[in-house]
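Scroll down for the structure; my scribbles are underneath it.
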Amino acid sequence: MLKPTLFALTSIAALATADMAVAKENEAEISRGAYLATVMDCGGCHVPRGADGAPIEGAGLSGGSIGFEIPGLGIFWPANLTPDDTGLKGWTKKQIVDAVRTGVRPDGRMLSPAMPWPAYAALTDEDAETLATFLQAMPAARTTAFPPAKDGEDAQGPFFRVTLPQ
């Protein structure tokens, strides 16, 4: 009786230790991903802001509330980067990495021209995957996203007008 009980307790302890090691490793990866999202300034566009321009507390990277009008193309609002169904829910890590590096969504649509994916194309595999892990680990946040407005269409939300140098 003692041997089976001891075996069971030892097995549980080993599994718990292994789970804690994985959690610790995952915690470090998520922390590094958060750091990368900060230095890559994801929040500069993808954090919603109040009427005063200040980031909305606790909203995370749930999508920018101020769009960008790009002459000749239209108006684009930054997407929700959380794992909500209004954001990245259902995207695989590889799909996130590919979109960050190529500017193309899994459905084949181009990301907003304001997204600096050409700069992010140079991310190492490790950094790109770490960023994706962080995005998938964030709490999901529902948002009402404005669809892109074609050039000349009325805007459904506030936006900045980007002017190109002459």
* Asked: With respect to the numbered conditions (1) surrounded by fewer than 10 Cβ atoms within 10 Å (Cβ to Cβ); (2) acidic (Asp, Glu); (3) at pLDDT below 85, which one is the sole condition not fulfilled by Glu57?
  -> (3)
* Scan the range 106-146 for residues that are within 24 Å of Arg49 (Cβ to Cβ) and either touching a strand residue (DSSP E or B) at 6+ places or on another chain (Cβ under 9 Å) or without any contact (Cβ under 8 Å) to a residue 40 or more places away in the chain (or both) and jot them down. => Leu111, Ser112, Pro113, Ala114, Met115, Pro116, Trp117, Ala119, Phe146
* Structure fact -> Of those in the range 60-81 that are of a type in the set (A, V, I, L, M) and touching an Asp or Glu at 6+ places or on another chain (Cβ under 9 Å), the residue surrounded by the most Cβ atoms within 10 Å (Cβ to Cβ) is Ile75
* **Gln166 being within 16 Å of Glu69 (Cβ to Cβ), polar (S, T, N, Q) and at pLDDT below 95** => no
* Identity of the residue in the range 88-123, more than 30 Å from Asp151 (Cβ to Cβ) and aliphatic (A, V, I, L, M), that ends up farthest from the chain's Cα centre (by Cα) -> Ala122
* **Residue identified as loosely packed, with under 14 Cβ neighbours inside 10 Å and assigned to a loop (DSSP other than H, G, I, E, B) among Asp84, Asp107** => Asp107
* To do: Please tell me if Gly90 is surrounded by fewer than 19 Cβ atoms within 10 Å (Cβ to Cβ) and free of Cβ contacts under 8 Å to residues at least 12 places away in the same chain.
  => yes
* Scan the range 69-85 residue by residue and report those that are closer than 22 Å to Met40 by Cα and among the aliphatic types (A, V, I, L, M). => Ile70, Ala79, Leu81
* **Residue, nearest to the chain's Cα centre (by Cα), within the range 23-52, restricted to residues that are acidic (Asp, Glu) and either farther than 15 Å from Leu135 by Cβ or part of a loop (DSSP other than H, G, I, E, B) (or both)** => Asp41
* Within the range 68-81, which residues are part of a loop (DSSP other than H, G, I, E, B), touching a residue at least 40 places away in the same chain (Cβ under 8 Å) and more than 9 Å from the chain's Cα centre (by Cα)? -> Pro71, Gly72, Leu73, Trp77
* From Glu126, Glu57, which residue is among the charged types (D, E, K, R), over 13 Å from the mean Cα position of the chain (by Cα) and outside any helix (DSSP H, G or I)? -> Glu57
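The values are calculated or read from the model by the stated rules, or taken from the named source; none is laboratory data. Note that this is a predicted model, so its numbers are computed, not measured. Glycine also receives a Cβ, built like all others from the backbone with ideal geometry; neighbour counts cover every protein chain displayed.
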